[in-house]
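Below you'll find the structure, written out as structure tokens, and then a few comments.
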Amino acid sequence: MIKKIELQISGMHCASCSTLIDKTLLKKNGVKKSNVNLSSNKASIKYDDNKLKTKDLISTITKVGYGAELADYGNAFEKQFAMQHGEIKKYKRKLLISLIFATPAFILGMVFMWLNITIPYADYILWFLATPVQFVVGWQFYQGAWIALKNKSANMDTLIALGTSAAYFFSVYSILSDSMGGQYFETSAILITLVVLGKLLEAIAKGKTGDAIRSLMDLSPKIATIRKNGQEIKVSVDEVQLGDMVIVKPGESIPVDGEIVEGHSYVDESMITGESVPVEKKINDPVVGATINKNGSIIFKATKIGANTTLAKIIKLIDEAQGKKAPIQRFADQVSAYFVAVVIIIAVSTFLIWFLLLGQGFSFALMTSVAVLVIACPCALGLATPTAIMVGSGKGAQNGILIKGADSLEIAHKINYVVFDKTGTITKGEPEVTNLVQIDSENQKIIKSDELLKVIASVEQKSEHPLAQAIVSEAKKQNIKLQDVTDFHAVIGGGVRGILDDKLVIIGTRKLMIDNNIEIDSLVTNAKENIGKEMEKLENEGKTVMLVARDNDCIGLVAVADVLRETSKEAVSSLLKLGVEVYMITGDNKRTAQAIVKQVGISNFFAEVLPEDKVNHVKKLQEKGKVAMIGDGINDSPALAQADIGIAMGSGTDVAMETGNIVLMKNDLRDISRAIKLSKMTMSKIKQNMFWALFYNIIGIPVAAGAFYFWTGWLLSPIIAGSAMALSSVSVVTNSLLLKTKRL
């Protein structure tokens, strides 16, 4: 049986660490897939439960020198944030120790030298100052290098350990042998200090990429008020049980998901939908945990708690999306895997060429090779993709767009075709009364529209048909009191009939009227149009039209339709502006489909399509390009899964979250084009990050190696190389964070 688990990893320093863990796990018989994310310090692993157990995977990771433990929902994020906070504290402490020793070393070894100030036993003092920096603060680099060596690989720690050790031990040799070769204690001390500073800045910046999850978690209240045995009791949210009656007063946050059993209020659901206007809530309406009750007091029954609440699922979706690797990251991983080994070869070659072939001094050759080792650390390359993905998916979530994977975020901007399901997607999926038409008074005593609606709704209240429910719902909205009906009868495929106020009322099709000898051909509406033409006109608009007769006289007609979402037309327009071709797919007849596409501005549509055939239409379009399918996540599941990107409406709740690659929490179709724009912006950031990371190394390594020295005199000291290396990682993370400032 294939299982999936998430492990919290500790001890990773760079991209090479995550690559090493990935490779080690994938070598295990039974591991199907492994994804280790440096930014979130998590490993997502799919494995065969018959061949491996969780403890075997943890043991595999610990054997290569890293910490690992099961990441459970209850405290996974708290542990992650605590780990990030702990990492920041650790580097602050190390930086302080480094500065205490490296600062006087810099003054003594460089400033005094520039000022020609001589201090007795200066070399020994520098040896004393550099040693704790090298072996206390810098011990982590030796540990990381040893772990990599044991696993027959090399990483960033290898480069730092080799570079600083070369400078340190050459200085020791120089002092003890009195070779007059000079010392470089301050170089090794300052290098380690700069690397630690870079790590601190990187840790602080990485912590900010998780702001989306942190802000969502902060929304969830810690205390709930429940009614038990007639008393109000305050308990921890973790103690709320299914079926508990939860009391929420004005201004309080709703602690868990539930259904209102008492009270009436308006609830701010912006944290879920991004919509700032409070939503009216009454008895039987659902409420979502972490939303805010604005005015009235309500009591609701808890229906979802803990990891099953909507907020918990959203947080998990974001976390999973941030943890997945985008296909473009494979390139960075492949480069990083070979990069360190190549750099070591270049550094050794640099030393040998300068010292043996070009006859430069030992110290010159050493410093150029150390500069190569230091400047080439591939941290920036390893951070290029995951930091942009984390910020991009977090920004999407804050705007009500849940993107469930880095691959989806990468593909979205390549979409050529968008296919909309009609019912519940372009339309609201709930029939509404759109027209009430009265017969002209010259032919029939005209009745008011509210009286006509009262007659129709009173009879239809006995019917279970969706169209009947739409009519009854409209009457309730208008506060029309319905009357009792006797002798109710539903005519299959025709309509309904019943006795109201001792009069026979028939509601239904033209055929039903003819069958009951009710004259309609000579009638005109109060707009002086023939009733037949009026019916045809409304039907051409995609509406279902029913005639109404009382005591064998036609008194009017009612039109019901599944109306458009308010945002459908604008959503289609924005997609067309992006150069995307738009289609609609529906099981309805061609006339209804034509009426809908005409209203929203779509040129292409598939009508009378069975649910199982939707997949075939998606496949045909995929032969020409990338396809996104938008549906409600239930009947459209196969087509959503087949499409390159499946986009589910948030109203599908659990089903939508499971089915779609992207979930529109606000049910706002305009968010499709926003998701495409977000994809474009995120990919742009990734490419910028990767370009600068690679460009920096391509330019920096030759300069550090002294390739231009004879022509320009350019040479890069290890200290400047260390500064550049540290700043490159910070610049990549900072560039990713700039996504937060962009408008969708």
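A few comments on the model shown:
- Across the cross-link table entries Lys422/Lys476; Lys4/Lys33; Lys619/Lys666; Lys304/Lys477; Lys46/Lys404, which are compared at the Cα atoms, the separations over 19 Å belong to Lys422/Lys476; Lys619/Lys666; Lys304/Lys477.
- Taking amide H as placed 1.01 Å from N in the peptide plane, Phe605 has its amide H under 5 Å from the amide H of Met584, each at least 5 places away in sequence or on another chain.
- Test item: Cα-centred dipole of segment 548-595, Lys/Arg +1 and Asp/Glu -1 on Cβ, debye: 180
- Reachable aspartates and glutamates, given that their alpha-carbon falls under 20 Å from the alpha-carbon of Lys23 and they are not under 8 places away in the same chain: Glu6, Asp48, Asp49, Asp56, Glu69, Asp157, Asp333
- Close amide H pairs (under 5 Å, H built 1.01 Å from N) link Val261 with Asn284, Ile299, Phe300, Lys301, residues at least 5 positions away or on another chain.
- Note, ³J(HN,Hα) from phi for segment 420-437, Karplus 6.51, -1.76, 1.60, rounded to Hz, x at Gly and Pro: 9, 6, 7, 6, x, 10, 5, 9, 6, x, 10, x, 9, 6, 10, 9, 10, 10
- Farthest toward the positive end of the dipole of the chain, out of Ile160, Val418, Val433, is the Cα of Ile160, where the dipole comes from beta carbon charges about the Cα centre.
- Anisotropy class of segment 103-180 from Cα gyration tensor, a/c 1.5 cut: prolate
- Normalised contact order of the chain, rounded percent, pairs of Cα under 8 Å and 6 or more residues apart: 13
- Aspartates and glutamates whose Cα lies under 15 Å from that of Lys222, excluding same-chain neighbours fewer than 8 positions away: Glu78, Asp238, Glu239, Glu252, Asp257
- Axis angle, to the nearest 10 degrees, between helix 15-27 and the longest C-alpha principal axis of the chain: 70 degrees.
- Dipole magnitude for segment 379-428: about 200 debye, using +1 per Lys or Arg Cβ and -1 per Asp or Glu Cβ, origin at the Cα centre.
- Rounded to the nearest 10 Å², the accessible area of Met535 at probe 1.4 Å: 10
- Think of the chain as having a plus end and a minus end, set by charges on the Cβ of Lys, Arg, Asp and Glu; of Val374, Met390, Val558, Val374 sits farthest toward the positive end of this dipole.
- Cα gyration tensor shape for segment 80-132, rounded if a/c is under 1.5, else prolate or oblate: prolate
- Other residues within the sphere of radius under 11 Å centred on the Cβ of Glu432, judged by their own Cβ, net out at 0 (K and R +1, D and E -1).
- Residues of the chain: accessible area per residue with a 1.4 Å probe, Å²: 45
- Residues whose placed amide H lies under 5 Å from that of Glu252, excluding near-sequence neighbours: Asn293
- Relative contact order of segment 548-632, pairs being alpha-carbon contacts under 8 Å that are 6 or more residues apart, as %: 22
- With a threshold of 32 Å on the Cα-Cα distance, the over-threshold entries among Lys89/Lys294; Lys537/Lys614; Lys150/Lys680; Lys301/Lys677 are Lys89/Lys294; Lys150/Lys680; Lys301/Lys677.
- Tensor-based shape of segment 477-534 (alpha-carbon gyration tensor, a/c under 1.5 rounded, otherwise prolate or oblate): oblate
- Total charge dipole magnitude, the chain, about the Cα centre, Cβ charges on Lys, Arg, Asp, Glu only, Debye to nearest 20: 2560
- The chain - percent of accessible surface contributed by carbon and sulfur, probe 1.4 Å: 55
- From most to least packed by mean Cβ count within 10 Å, the peptides 583-590, 92-99, 483-490 give 583-590, 92-99, 483-490.
- With DNA, RNA and ligands ignored, accessible area of Glu451 (1.4 Å probe; Å², nearest 10): 80
- Projecting the Cα atoms of Phe606, Ile630, Val580 onto the charge dipole of segment 571-719 (Cβ charges, centred on the Cα centre) puts Val580 farthest toward the positive pole.
The values are calculated or read from the model by the stated rules, or taken from the named source; none is laboratory data. Just so it is clear, the model here is predicted, and its values are computed rather than measured. Every residue, glycine as well, gets a Cβ built from its backbone with ideal geometry; the counts of neighbours run over all protein chains shown. For the accessible areas, the whole protein counts, side chains as well, though only heavy atoms, and no ligand, DNA or RNA atoms are used. Shrake-Rupley method; radii C 1.70, N 1.55, O 1.52, S 1.80 Å.
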